[in-house]
Amino acid sequence: MSTTSQGATENRLLIPALGKIYSRSECAYMLLRVVAGLMLVPHVWPKLMAGPAAVASNVMVRRGVEPALLAAYLAIIVEVAGAICITLGLFTRAVAALLVIEFLVIVKVHSASGWMTSVQGAEFPFLWLIVLIFILIRGGGPYSIDRKLGWEI
């Protein structure tokens, strides 16, 4: 960090020649939001392909989630809608709130296996939870359908 003539501190740029890119934090946030939305696709794809009944019997029941079939339907619907809406920045905060609730449950369920991803623990779902909380707090941003339509809450 360096101090300006007014006494305020600013971050020291790692590569000063890229200063114009660094100053575009809105583009960086859009990248995070879009990548998070797109990365939800491989998270939900196996569930979507297997179908709610298979997800309920193979995953939900094994992990003690009841009612399993309802939970499977909800997870699939929220994750498919979440992938689309987060990527586009549409209903961003509302969808992120639903995903945060879902991932709180997922973290709790996975924590029974421990922390590490190698034992299907809570580590990776917790990372998702933090990213989704950030998106919930931040909203769609200026490069979102929410902002273009004036729907951002």
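Going by the structure shown, is residue 78 surrounded by 16 or more Cβ atoms within 10 Å (Cβ to Cβ), among the β-branched types (Val, Ile, Thr) and closer than 30 Å to residue 30 by Cβ?
Judged against the criteria, residue 78 is a match.
Please give the helices (runs of 4 or more DSSP H) falling wholly within region 30-116 in which 1 or more residues are over 21 Å from the mean Cα position of the chain (by Cα) and not hydroxyl-bearing (Ser, Thr, Tyr).
52-55, 68-88
Taking residue 44 as meeting all but one of (1) closer than 18 Å to residue 129 by Cα; (2) β-branched (Val, Ile, Thr); (3) free of Cβ contacts under 8 Å to residues at least 12 places away in the same chain, write down the number of the exception.
(3)
In this structure, is residue 33 under 21 Å from residue 130 (Cβ atoms) and of a type in the set (Lys, Arg)?
Yes, satisfied.
Being surrounded by 15 or more Cβ atoms within 10 Å (Cβ to Cβ) and either in contact with a strand residue (DSSP E or B) (Cβ under 6 Å, 6 or more places away or on another chain) or of a type in the set (A, V, I, L, M) (or both) is the filter here, so list the residues in region 106-126 that pass it.
Correct list: 106, 107, 109, 122.
Go through the residues of region 86-99 one by one and say whether even a single one is over 14 Å from residue 37 (Cβ atoms), surrounded by fewer than 18 Cβ atoms within 10 Å (Cβ to Cβ) and at pLDDT below 95.
no
Do we find a residue being touching a residue at least 40 places away in the same chain (Cβ under 8 Å) and surrounded by 13 or more Cβ atoms within 10 Å (Cβ to Cβ) anywhere in region 49-65?
So far as region 49-65 goes, yes, one or more of its residues are touching a residue at least 40 places away in the same chain (Cβ under 8 Å) and surrounded by 13 or more Cβ atoms within 10 Å (Cβ to Cβ).
Just the residues that are at positive phi and either surrounded by 14 or more Cβ atoms within 10 Å (Cβ to Cβ) or in contact (Cβ under 8 Å) with a residue 12 or more places away in the chain (or both), please, taken from region 136-153.
Hits for region 136-153 are 139, 141.
The values are calculated or read from the model by the stated rules, or taken from the named source; none is laboratory data. Not measured: the values here are computed from a predicted model. Glycine gets a Cβ as well: all are built from the backbone with ideal geometry, and neighbour counts include every protein chain shown.
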